[in-house]
Amino acid sequence: MSRRYDSRTTIFSPEGRLYQVEYALEAIAHAGTTLAILSPKEGIVLLAERKIISKLLESSSNSEKIYKINDQTIVSVAGLTADAEILIDRMRNDCQQYLKIYNKLPNTMQVVNKVCDFKQGYTQFGGLRPFGVSFLFAGYDSLNGFQLYSSNPSGNYSGWLATSIGENSSSVQTLLKQELNANSTESHNDITLDDALKIALKVLSKTSDNTHLSADKLELASLSLQSNTNKPTIKLYTPKEIDNLLNLHDLSKKEEE
Amino acid sequence: MDIVLGIRLKDATLIATSKAFTRGISILKDSDDKTLNLNKKNVIAITGESGDTINFAEYIKGNVQLKGLREGHEMESDEIASFVRHELARSLRSRSPYQVNLLVAGVNDKEEGFLSMIDYIGTRCDLPYAAHGYAAFYTMSLLDHHYREDISLDDGLKLLKLCEEELNKRMPMDFKGLNVKIVDKEGIKVIDF
Amino acid sequence: MSDPSSINGGTAVAMVGKDCIAIASDMRLGSQSLGVSNNFEKIFNYDNVYFALTGLASDVLTVSEEFRMKTNLYKMKEERIMEPETFANLVSSSLYERRFGPWFVGPIVAGINSKTNKPFICGFDSIGCIDFAKDFIVSGTASDQLFGICEALYEPNMESEDLFECISQSLLNAADRDALSGWGAVVYIVTKDKVIKRYLKSRQD
């Protein structure tokens, strides 16, 4: 019976639900965790955990969770990597097309809005499967400064100070809330990028299913402003730099219970 | 033979267009306005094929307004100039290209004057002062000579007056005077000239 | 007179030296005989590629924006920058795509390969035929004059400062003999780990 409402995205179930969209969300709930913390004045940190790594796997690129969209936007992915690549390609092309017309990169909000419109289309038209992908967007623009958004397969998106998607995302969010309250006696506004980085690593080390955090399972990136030029700059951390950070914050081993 | 002139000041931009509307050898109107306000801080002055001018100007205005509405903030001068150039360059290689030349005048987000000259080919050039067509031949020498980086509004208007006198002397046709607009951080004003 | 490549005027030149390259252009933008701007640079930079475009100013802008897009996308997809040799072949195929409605430009590519440190220059016609050269490449409305003076002044394996002097004198003197070129000039001297950009004062008539 339920098959009738499962197989097509275009049809509401009698309870008013779109099963395919919910299943897509479920796919994401099993994907590697990724989290982001916004430091409104200094930048944004993106941290992601890779799900399966075999020593035998030859990876084609350094990153499969975090991607650059343009000089002022990065995203991290939770969900089907193949689906994500389609959307990322699209976002990159859209941004460059925009740059050609207006000689300016689109604001973060426009990038997010455009790709989410596209995602939404797949929940409504032509018996297509929705994209099994959620994103965290870290962006900077001169109009609104640093911004952090998350999106999901339905095409919904929302802005955050800190959030997480993927496996264990709800417990990560709970921890983020705790850590951020504990850390800044004042408002979230004053949190530094270094603090954000530290908290991100700490939170992931607590929620991760892996006993150790190690560089080969992590991807880390930050978006900040260059101090001399005030232009946005993206830093994708190398495995070595991640290891150094883990050692620095004493997180290479999971804390003893 | 239409006249469009622009002078960029530190914190404002002046734009002047002839009032005569001509077709062939006849002047049909002496109160033509060749400018169109795109938004609060940007205006274009446009000449060329008579049907194309209005159609293209309205098309640009429509898009500028739409983008302003969608994104919740007005388009900036250099974005508009880029967009206009892009549209004309695209149109040039289409079946029926727009034959229009224009100036984009405004103030940018730093409240500095902005002036860009764009022709029907899609050549864009940001300049301190600019003119299209024959008017350029008569006024450029005056503008070269008298223009200063820190020219005041008063001196800008005086310079414009000088240009008008020269044009009246040298142009073979009565262009029925100039419409002058000034764009500054307060917005766009038509001024008595 | 209505030849698209000589409406706006402008000229450019590139040269190879010892472990360095130089590329230079004038700064004039005109409308036939009327000079419109003395601030129109015709050299564009995409990481370690330097790209000069002469010809129809509208197409100079369009083509430079097109290649900004293509190099940006390449950089993100390949996770490395585009080398001058690669870029040259991209330019060639992109221009040939428009074989029967070309961009009216005369492009020059110059740069130093970031892996091999080998200097590279080449030029193109408007439909993408590559002209590989060991010595120099000229383009634009003063290209005839440039051929002459470059042939006279150029010698192989110049050090960067000599190369700067050579390319500057070549450009300046060629542009002075062309009514559509001049009005200032810009020169890039590129070595393995340093880029110097200099503006040249030139006749303003």
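The values are calculated or read from the model by the stated rules, or taken from the named source; none is laboratory data. The structure displayed is predicted, hence computed values, not measured ones. Here the Cβ positions follow ideal geometry from the backbone for every residue, glycine too, while neighbour counts run over all protein chains shown. SASA here: full protein model, heavy atoms, side chains in, ligands and nucleic acids out. Shrake-Rupley method; radii C 1.70, N 1.55, O 1.52, S 1.80 Å.
Would you confirm whether or not region A:60-81 contains a residue that is assigned to a loop (DSSP other than H, G, I, E, B), without any contact (Cβ under 8 Å) to a residue 12 or more places away in the chain and within 25 Å of residue A:242 (Cβ to Cβ)?
Taking every residue of region A:60-81 in turn, at least one turns out to be assigned to a loop (DSSP other than H, G, I, E, B), without any contact (Cβ under 8 Å) to a residue 12 or more places away in the chain and within 25 Å of residue A:242 (Cβ to Cβ).
Looking only at region B:41-57, filter to residues that are open to solvent by less than 10 Å² (accessible area, probe 1.4 Å) and in a helix (DSSP H, G or I); which one of those is nearest to residue B:109 (Cα to Cα)?
Residue satisfying both the conditions and the ranking: B:57.
On the basis of being over 16 Å from the mean Cα position of the chain (by Cα), more than 30 Å from residue A:112 (Cβ to Cβ) and surrounded by fewer than 17 Cβ atoms within 10 Å (Cβ to Cβ), does residue B:93 make the cut?
yes
Mind listing whichever residues of region C:96-120 are within 27 Å of residue C:20 (Cβ to Cβ) and in contact with a helix residue (DSSP H, G or I) (Cβ under 8 Å, 6 or more places away or on another chain)?
Those that are within 27 Å of residue C:20 (Cβ to Cβ) and in contact with a helix residue (DSSP H, G or I) (Cβ under 8 Å, 6 or more places away or on another chain): C:105, C:106, C:107, C:109, C:110, C:111, C:112, C:113, C:120.
Among (1) within 14 Å of another protein chain (Cβ to nearest Cβ); (2) on the phi < 0 side of the Ramachandran plot; (3) open to solvent by 40 Å² or more (accessible area, probe 1.4 Å), which single condition is residue C:36 missing?
Of (1) within 14 Å of another protein chain (Cβ to nearest Cβ); (2) on the phi < 0 side of the Ramachandran plot; (3) open to solvent by 40 Å² or more (accessible area, probe 1.4 Å), only one is false for residue C:36: (3).
Which one of A:230, A:210 is in a loop (DSSP other than H, G, I, E, B) and closer than 14 Å to residue A:47 by Cβ?
Exactly one residue qualifies, and that residue is A:210.
Looking at region B:131-156, which of the residues that are among the hydrophobic types (A, V, I, L, M, F, W, C) and more than 8 Å from chain C (Cβ to nearest Cβ) is most open to solvent (accessible area, probe 1.4 Å)?
If we filter region B:131-156 for residues that are among the hydrophobic types (A, V, I, L, M, F, W, C), which is where we start, we get B:131, B:135-137, B:140, B:142-143, B:151, B:153.
From the residues that got through so far, the ones that are more than 8 Å from chain C (Cβ to nearest Cβ) too are B:131, B:135, B:142-143, B:151, B:153.
Numbers: B:131: 5, B:135: 0, B:142: 31, B:143: 1, B:151: 16, B:153: 75 Å².
Among them, the one singled out is B:153.
So in region C:170-197, with the set limited to residues that are of a type outside the set (Ser, Thr, Tyr) and more than 23 Å from residue C:152 (Cα to Cα), which one is surrounded by the most Cβ atoms within 10 Å (Cβ to Cβ)? Lay out the reasoning, then the answer.
Applying the first criterion (of a type outside the set (Ser, Thr, Tyr)) to region C:170-197 yields C:171-180, C:182-187, C:189-190, C:192-197.
Narrowing the set further to residues that are more than 23 Å from residue C:152 (Cα to Cα) leaves C:183, C:192-197.
Details: C:183: 23, C:192: 12, C:193: 7, C:194: 9, C:195: 12, C:196: 14, C:197: 12.
Among those residues, the one meeting the criterion is C:183.
Of A:225, A:236, which residue is within 23 Å of residue A:65 (Cα to Cα) and more than 14 Å from every other protein chain (Cβ to nearest Cβ)?
Going through A:225, A:236 in turn, the sole match is A:225.
Please go through region C:1-33 and give me each residue that is part of a loop (DSSP other than H, G, I, E, B), touching a helix residue (DSSP H, G or I) at 6+ places or on another chain (Cβ under 7 Å) and facing chain B (nearest Cβ under 10 Å), ordered by number.
Of everything in region C:1-33, just one residue is part of a loop (DSSP other than H, G, I, E, B), touching a helix residue (DSSP H, G or I) at 6+ places or on another chain (Cβ under 7 Å) and facing chain B (nearest Cβ under 10 Å), namely C:8.
Does region C:87-110 hold any residues that are open to solvent by 60 Å² or more (accessible area, probe 1.4 Å) and assigned to a helix (DSSP H, G or I), and which are they?
Hits for region C:87-110 are C:89, C:93, C:96, C:97.
Exactly one of (1) surrounded by 24 or more Cβ atoms within 10 Å (Cβ to Cβ); (2) out of contact with any Asp or Glu (no Cβ under 8 Å at 6 or more places or on another chain) is unmet by residue A:34. Its number?
Every listed condition holds for residue A:34 apart from (2).
Could you tell me whether residue C:82 is open to solvent by 10 Å² or more (accessible area, probe 1.4 Å), over 26 Å from residue B:119 (Cβ atoms), assigned to a loop (DSSP other than H, G, I, E, B) and among the hydrophobic types (A, V, I, L, M, F, W, C)? So that I can check it myself, show each step before the final result.
Numbers: open to solvent by 10 Å² or more (accessible area, probe 1.4 Å): yes; over 26 Å from residue B:119 (Cβ atoms): yes; assigned to a loop (DSSP other than H, G, I, E, B): yes; among the hydrophobic types (A, V, I, L, M, F, W, C): yes.
Yes; evaluated as a whole, the condition is true for this residue.
Can you tell me how many residues in region B:58-92 are within 19 Å of residue B:187 (Cβ to Cβ), more than 10 Å from every other protein chain (Cβ to nearest Cβ) and of a type outside the set (S, T, N, Q)?
Within region B:58-92, residues that are within 19 Å of residue B:187 (Cβ to Cβ), more than 10 Å from every other protein chain (Cβ to nearest Cβ) and of a type outside the set (S, T, N, Q) number 6.
Can you confirm whether region C:78-95 contains a residue that is free of Cβ contacts under 8 Å to residues at least 60 places away in the same chain, touching an Asp or Glu at 6+ places or on another chain (Cβ under 6 Å) and over 22 Å from residue C:186 (Cβ atoms)? Spell out how you get there, then give the answer.
Step one: list which residues in region C:78-95 are free of Cβ contacts under 8 Å to residues at least 60 places away in the same chain, which gives C:78-95.
The next check asks that each one be touching an Asp or Glu at 6+ places or on another chain (Cβ under 6 Å); those that pass are C:81.
Those still in the list that are over 22 Å from residue C:186 (Cβ atoms) too: C:81.
Yes, some residue in region C:78-95 is free of Cβ contacts under 8 Å to residues at least 60 places away in the same chain, touching an Asp or Glu at 6+ places or on another chain (Cβ under 6 Å) and over 22 Å from residue C:186 (Cβ atoms).
Mind listing whichever residues of region B:1-22 are more than 13 Å from the chain's Cα centre (by Cα), closer than 20 Å to residue B:100 by Cα and modelled with pLDDT of 95 or more?
B:19, B:20, B:21, B:22
Do any residues in region B:161-183 that are polar (S, T, N, Q) have Cβ atoms under 7 Å from those of residues that are in a loop (DSSP other than H, G, I, E, B), where the two are at least six apart or on different chains, and which pairs are they?
Final answer for the pair search is B:179/B:19; B:179/B:33.
With the checklist (1) assigned to a helix (DSSP H, G or I); (2) within 14 Å of another protein chain (Cβ to nearest Cβ) in hand, flag the one item residue A:118 doesn't pass.
In the conditions (1) assigned to a helix (DSSP H, G or I); (2) within 14 Å of another protein chain (Cβ to nearest Cβ), residue A:118 misses (2) alone.
Go through region B:58-79 residue by residue and tally those that are hydrophobic (A, V, I, L, M, F, W, C), open to solvent by less than 40 Å² (accessible area, probe 1.4 Å) and free of Cβ contacts under 8 Å to residues at least 24 places away in the same chain.
The number of residues fulfilling the criteria is 0.
When you scan region A:39-72, how many residues do you find that are under 12 Å from residue A:138 (Cα atoms), more than 11 Å from chain C (Cβ to nearest Cβ) and of a type outside the set (A, V, I, L, M)?
Total satisfying the criteria: 4.
Residues that are open to solvent by less than 40 Å² (accessible area, probe 1.4 Å) and under 27 Å from residue C:95 (Cβ atoms), at least 2 per element: which strands (runs of 3 or more DSSP E) completely within region C:111-165 meet that?
On the way: elements: C:119-124, C:130-132, C:136-140.
Once the strands (runs of 3 or more DSSP E) in region C:111-165 are filtered for at least 2 residues that are open to solvent by less than 40 Å² (accessible area, probe 1.4 Å) and under 27 Å from residue C:95 (Cβ atoms), what remains is C:119-124, C:136-140.
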